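Before any comments, here is the structure.
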C-alpha cells in the first residue's frame with residue numbers, strides 16, 4: 001500500500017530500533033499508517049531513512065503489542081480494527097483494573113490524589129483532543145493503580161492500553177467537536193479521583209468498572 005513520505009518522521013539519534021519502534025507506533029495509533037495497510041520493510045526503512053535491520057526489530061516489538069502482523073518474506077500489515085479484539089481488550093481490562101484499583105485506593109497519598117485531581121481538569125479543556133492528552137491519560141490511570149500494581153501488571157496493562165488506543169482515539173475523536181464532551185471527559189476523571197478519596201474498595205471498583213464500560217461503549221459505537 002502506498003503512503004506519503006511525510007507520514008513518518010525521519011530518525012536521527014539515540015537507539016535506532018527504539019526510535020523506529022516509537023515512530024511506527026505513533027503513526028499507527030494516529031492512523032497515518034492505516035489499519036489493514038501492508039508495507040514492505042524496505043518501504044518503511046526508506047520512510048524513516050534507516051537500514052532494514054532496525055525496522056525488522058521494531059516491527060517484531062510492535063507485533064508483540066498487537067499493532068502489526070508480520071508476513072512471510074519482508075512485509076508487515078498494520079493490524080485491522082476488529083470488534084472482537086476490542087471486546088477482548090476490555091474483558092481483560094475489567095479483569096485487572098478494578099481489582100488493582102480496590103487495593104490501590106488505600107495506599108495512595110492525599111497529595112497524589114490532589115495532583116491527579118488537578119490533572120483531571122486538563123482533560124476537559126476544549127483545545128485538548130484525544131491525540132494531545134493520551135500520554136497524560138496513560139500516566140493518570142497508571143498513577144491511580146501504581147501503588148498496588150506489580151511490574152507484570154504494568155506490562156500487561158500497558159500492552160492493553162496501547163492495543164485499545166486506536167479504538168479510543170476514533171471513538172472519542174468523533175465526539176471532540178461537541179464542547180459538552182470535553183467537560184464530561186474532565187468530570188469523568190475527576191469522579192474517579194473522588195471515588196479513590198473515599199478509600200472504599202467497593203466504591204472504587206464500581207467506579208473503575210463504570211469508567212471502562214462507558215469507554216468501551218463509545219469505541220464500539222464509533223466502529224460498528
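The values are calculated or read from the model by the stated rules, or taken from the named source; none is laboratory data. Note that the structure is predicted; figures quoted are calculated from it, not measured. With ideal geometry, Cβ positions are generated from the backbone for all residues, glycine too; neighbour counts draw on all protein chains shown.
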Just to verify a result, which residue in segment 40-70, among those that are touching a strand residue (DSSP E or B) at 6+ places or on another chain (Cβ under 6 Å) and within 29 Å of residue 222 (Cα to Cα), is surrounded by the most Cβ atoms within 10 Å (Cβ to Cβ)?
68
Among (1) assigned by TED's automatic domain parsing to the domain that holds residue 25; (2) within 23 Å of the chain's Cα centre (by Cα), where does residue 90 come up short?
(1)
Looking at residue 33, is it assigned to a helix (DSSP H, G or I), modelled with pLDDT of 90 or more and touching a strand residue (DSSP E or B) at 6+ places or on another chain (Cβ under 7 Å)?
no
Residue 66, sole failed condition from (1) under 15 Å from residue 166 (Cα atoms); (2) modelled with pLDDT of 95 or more
(2)
Pick from segment 71-80 the residues that are in contact with a helix residue (DSSP H, G or I) (Cβ under 6 Å, 6 or more places away or on another chain) and more than 12 Å from residue 25 (Cα to Cα): which of them is surrounded by the most Cβ atoms within 10 Å (Cβ to Cβ)?
76
Do any residues in segment 68-82 that are under 14 Å from residue 44 (Cβ atoms) and not assigned by TED's automatic domain parsing to the domain that holds residue 162 have Cβ atoms under 6 Å from those of residues that are at pLDDT below 90 and in a strand (DSSP E or B), where the two are at least six apart or on different chains, and which pairs are they?
none
